[in-house]
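So the structure is just underneath, and the comments pick up after that.
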Amino acid sequence: MTSANAELGKAVTFDVTDGSISISGLAAKISRRVRTAELPVDLAAMVTSRSDMGNGWTWTTVSSTTLNGRPCTLSLGAFHGHLSQVDWSIRVAGGEYPGGRPSPGTVAKEMDQMTQILTRAFGPGRLPGRGTGYEKDFPWGSVWLAWDPRNGVCASGLRYSTAQRRQGQD
């Protein structure tokens, strides 16, 4: 790892076979088996915030990572302690972030870059109903990318299937 990469953060990679996420330099993987109340020590050291939504959902933010060389933040969504969803966002090179929020042009660039990243990582996907973004289903869950009009941001992530958990294939 070069010093420039060290400054950016630890690289995030995806395993298409089981939906797990690896972070370079960490022994622990992020997967459906992770319980957010008992994060592995190496992953827990990267946590920058935790939010209890009061409805069974908690969100844990993991920072200091990169995705395809871009600064990335991961959000681990757990329902009653069981990891159900992982969302991520990247900072676009040359993007505009007035007040910390991406400009509409930056959101469009992030959508384009994330479509390319997800296609390389998970293979060709389909366009969601609105015609922009990415969707792909797997036996372990699904991956998506969409424009979130309510928040005016690019939303992307993966969701683990609850059917496998109920069938004991966790």
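The values are calculated or read from the model by the stated rules, or taken from the named source; none is laboratory data. Just so it is clear, the structure is predicted and the values come from calculations on it, not from any experiment. Reconstructed Cβ throughout: ideal geometry from the backbone, glycine too, with neighbour counts over all protein chains shown. Ligands, DNA and RNA are stripped out before the accessible areas are found, and what is left, the full protein with its side chains, is counted by its heavy atoms. Shrake-Rupley method; radii C 1.70, N 1.55, O 1.52, S 1.80 Å.
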Query raised in the report: Percent relative contact order of the stretch 46-170, based on C-alpha pairs within less than 8 angstrom and at least six residues apart?
Result: 17 percent
Requested in this report: Roll a 1.4 angstrom probe over the protein heavy atoms and tell me the percent of accessible area of the stretch 1-136 that is carbon or sulfur.
Outcome: 54 percent
Requested in this report: May I have the convex hull volume per residue, in Å³, for the Cα set of the chain?
Outcome: 135 Å³
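Counting only heavy atoms of the protein chains, get the accessible area per residue of the chain (1.4 Å probe) and round it to a whole Å² value.
Dividing the accessible area of the chain by its residue count gives 52 Å².
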Report task. Figure the gain on full extension for Ala93 and Val47 (residue separation times 0.36 nm, minus the Cα-Cα span) and round it to one decimal in nm. Result -> 14.2 nm
Query - Built amide H within the under 5 Å cut-off of Gln85, gap 5+ - result: Gly77, Tyr160
Report summary line: Computed for the stretch 56-141: size of charge dipole around the Cα centre, +1 on C-beta of each Lys and Arg, -1 on C-beta of each Asp and Glu, debye to nearest 20, value 120 debye
Query raised in the report: Each residue of the stretch 17-31 in turn: what ³J(HN,Hα) in whole Hz from Karplus with 6.51, -1.76, 1.60 and θ = phi - 60°, glycine and Pro shown as x?
Result: 6, 9, x, 6, 10, 10, 10, 3, x, 10, 6, 6, 10, 8, 7
Report task. Quick one: what are the phi-derived ³J(HN,Hα) couplings along the stretch 32-47, Karplus 6.51/-1.76/1.60 with θ = phi - 60°, whole Hz, x for glycine and proline? Result -> 4, 7, 5, 10, 5, 6, 10, 5, x, 4, 5, 6, 4, 5, 9, 6
**Report entry** Vicinal HN-Hα couplings computed from phi for the stretch 151-162 (Karplus, 6.51 cos²θ - 1.76 cosθ + 1.60; Hz; Gly/Pro x)
**Finding:** 9, x, 9, 7, 10, 8, x, 9, 10, 7, 5, 7
Requested in this report: Would you be so kind as to identify which of Ser161, Thr48, Thr58 lies farthest towards the positive end of the dipole of the chain, taking Lys and Arg as +1 and Asp and Glu as -1 on Cβ and the Cα centre as origin?
Outcome: Ser161
Query - Cβ charges +1 (Lys, Arg) and -1 (Asp, Glu), total dipole of the chain, debye - result: 220 debye
